[in-house]
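The values are calculated or read from the model by the stated rules, or taken from the named source; none is laboratory data. Note that the structure is predicted; figures quoted are calculated from it, not measured. Don't worry about glycine lacking a Cβ; one is built from the backbone with ideal geometry, like all the others, and counts go over all protein chains shown. Surface areas here come from the heavy atoms of the whole protein model, side chains and all, with no ligands, DNA or RNA. Shrake-Rupley method; radii C 1.70, N 1.55, O 1.52, S 1.80 Å.
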Amino acid sequence: MFACVCVYCAFSGIGLLCLACRNMQRAEAARQALLVSHPTAQATLLHLDVGNMRSVLRAAEEFKQMCNRLDYLYLNAGIMPNPRVDHKAFYKGLFSSNVVCMFATGEGILTQEDKVTPIGLQEVFATNLFGHFLLVKELEPLLCQIDHNSLVIWRSSNNAQRSAFSLDDIQHQKGREPYSSSKYASDLLSLALNCHYNNRGLFSSVICPGLVMTNLTYGILPSFFLALILPVMWLVEGYSPYNGAEALFWLFMQKPESLDPMAKYHSLTSGLGNNYTQPHKMDIDENMSEALYVKLLELEDTVRKKLRDEDLDIKTKN
Ligand SMILES: NC(=O)C1=CN([C@@H]2O[C@H](COP(=O)(O)OP(=O)(O)OC[C@H]3O[C@@H](n4cnc5c(N)ncnc54)[C@H](OP(=O)(O)O)[C@@H]3O)[C@@H](O)[C@H]2O)C=CC1
Ligand SMILES: CC(C)CCC[C@@H](C)[C@H]1CC[C@H]2C3=C(CC[C@]12C)[C@@]1(C)CCC(=O)[C@@H](C)[C@@H]1CC3
């Protein structure tokens, strides 16, 4: 339903919930649903296309006009365009020692077809990572304040694989697993944000919702087939289709400074149907995370310059 959720907390309870979304009709429907269950909640909408950097800058500006502090930033938007199961890799995986991991994470068997956005970024990278990064940078003054700690929450995935990511190709122009690459990059970036911003009160965490039946998964296999494998996923990994938000809520209840920057927080469901959150160590290291951070800062400069040049071009033409 939304690209991101910004939560501003007043000293007593929730102050303002801001749903930043691309599709305003769906956003309004989500807001109405929220008001039905929580009639006193204050929820506002903001237009945001996180794959479009101009939209990110505009939305951040509008948000700064509305609020002067931000406690939680949930980065939810993610795409997996034209997903395919690589059947050859799947059958190979079936008879390997990696079979359980393959079913749980889709490692090596989920491929996508990416494209280039008008500004010249790979679409999956722009949507799943870079737009969110730019948003965090823009909202930095609201997130970094001396009197309180804030938390940025990345919706990552167990499909985030080191093998799909390369520092020489952070946008994944050359490979067939841009989704996995972008999610691995978000794990690295979260660690880098912790290294650079913890002393200024900004903390960052990543979650994995498990396997949730959404538009994203329906694009991969027919829904009846996914429904068939869900019980297996539940038994093997503890994933439940109704439990994707557990870790998001759990993080909201924690003190940001108490969270482990090297952990991914998984939404899980026990055999008896009880939901819980469990941290799993991520396969990341500080050097790689810092190297990615430096590259993202360079790209940020390039993108901002491109946008300025475009603006100048338009002005001189008019
Ligand atoms: N479903 C699953 O099993 C898993 C999902 N995830 C992650 O969870 C997140 C949500 O995905 P899920 O709900 O499953 O999938 P959906 O496709 O149902 O939802 C994706 C959401 O992201 C929004 N979005 C996509 N692109 C943009 C954009 N450019 N600007 C603004 N918003 C955008 C969509 O908005 P719009 O309404 O405008 O289309 C939609 O609300 C993703 O990051 C995904 O990677 C991670 C692991 C497993
Ligand atoms: C083709 C075969 C007969 C069946 C393959 C079944 C599964 C191994 C995959 C089908 C859908 C996949 C999937 C994921 C993992 C592997 C599958 C279950 C994810 C959970 C990986 C992590 C994500 O981020 C999700 C969006 C994936 C959803 C689909």
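When the residues of segment 136-148 are filtered to those that are open to solvent by 20 Å² or more (accessible area, probe 1.4 Å) and modelled with pLDDT of 95 or more, which remaining residue is nearest to residue 297 (Cα to Cα)?
Only one residue tops the list, namely 137.
Quick check on segment 198-216: of everything there that is open to solvent by less than 10 Å² (accessible area, probe 1.4 Å) and under 19 Å from the mean Cα position of the chain (by Cα), which residue is nearest to residue 154 (Cα to Cα)?
Here the answer is 206.
Specify the residue that is farthest from ligand 2 (Cβ to nearest atom); the eligible residues are those in segment 261-283 that are touching a Lys or Arg at 6+ places or on another chain (Cβ under 8 Å) and in a loop (DSSP other than H, G, I, E, B).
262
For the condition open to solvent by 40 Å² or more (accessible area, probe 1.4 Å), within 16 Å of ligand 2 (Cβ to nearest atom), of a type outside the set (Phe, Trp, Tyr) and closer than 24 Å to residue 26 by Cα, what is the one hit in 84, 54, 155, 162?
Among 84, 54, 155, 162, only 155 is open to solvent by 40 Å² or more (accessible area, probe 1.4 Å), within 16 Å of ligand 2 (Cβ to nearest atom), of a type outside the set (Phe, Trp, Tyr) and closer than 24 Å to residue 26 by Cα.
As an exercise: evaluate residue 117 against (1) within 12 Å of ligand 1 (Cβ to nearest atom); (2) under 18 Å from the mean Cα position of the chain (by Cα); (3) open to solvent by less than 40 Å² (accessible area, probe 1.4 Å) and give the number of the one condition it does not meet.
(2)
Please go through (1) at pLDDT 95 or above; (2) open to solvent by 60 Å² or more (accessible area, probe 1.4 Å) for residue 39 and return the number of the only condition it doesn't satisfy.
The one condition residue 39 does not meet is (1).
Does residue 301 meet the test of being outside any strand (DSSP E or B), out of contact with any Cys (no Cβ under 6 Å at 6 or more places or on another chain) and open to solvent by 70 Å² or more (accessible area, probe 1.4 Å)? Working first, answer last.
Values: outside any strand (DSSP E or B): yes; out of contact with any Cys (no Cβ under 6 Å at 6 or more places or on another chain): yes; open to solvent by 70 Å² or more (accessible area, probe 1.4 Å): yes.
When the stated conditions are applied, residue 301 passes them.
Looking at the structure I just gave you, is residue 311 over 20 Å from residue 106 (Cα atoms), at pLDDT 85 or above and part of a loop (DSSP other than H, G, I, E, B)?
no
Out of 244, 210, which single residue is touching a residue at least 40 places away in the same chain (Cβ under 8 Å), in a loop (DSSP other than H, G, I, E, B) and under 20 Å from residue 187 (Cβ atoms)? So that I can check it myself, show each step before the final result.
On the way: 244 fails: touching a residue at least 40 places away in the same chain (Cβ under 8 Å).
The unique qualifying residue is 210.
Those residues that are touching a helix residue (DSSP H, G or I) at 6+ places or on another chain (Cβ under 8 Å) and in a helix (DSSP H, G or I), I need them from segment 247-260; list them, please.
The answer is 257, and nothing else.
Please state which one of 259, 272, 296, 268 is open to solvent by less than 50 Å² (accessible area, probe 1.4 Å) and at pLDDT below 95.
268
Could you check how many residues of segment 194-228 are near ligand 1 (Cβ under 9 Å from one of its atoms), touching a strand residue (DSSP E or B) at 6+ places or on another chain (Cβ under 7 Å) and among the small types (Gly, Ala, Ser)?
Applying the first criterion (near ligand 1 (Cβ under 9 Å from one of its atoms)) to segment 194-228 yields 207-219.
Keeping just the survivors that are touching a strand residue (DSSP E or B) at 6+ places or on another chain (Cβ under 7 Å) gives 207-210.
In the following step, the residues that additionally are among the small types (Gly, Ala, Ser) were identified as 210.
The number of residues fulfilling the criteria is 1.
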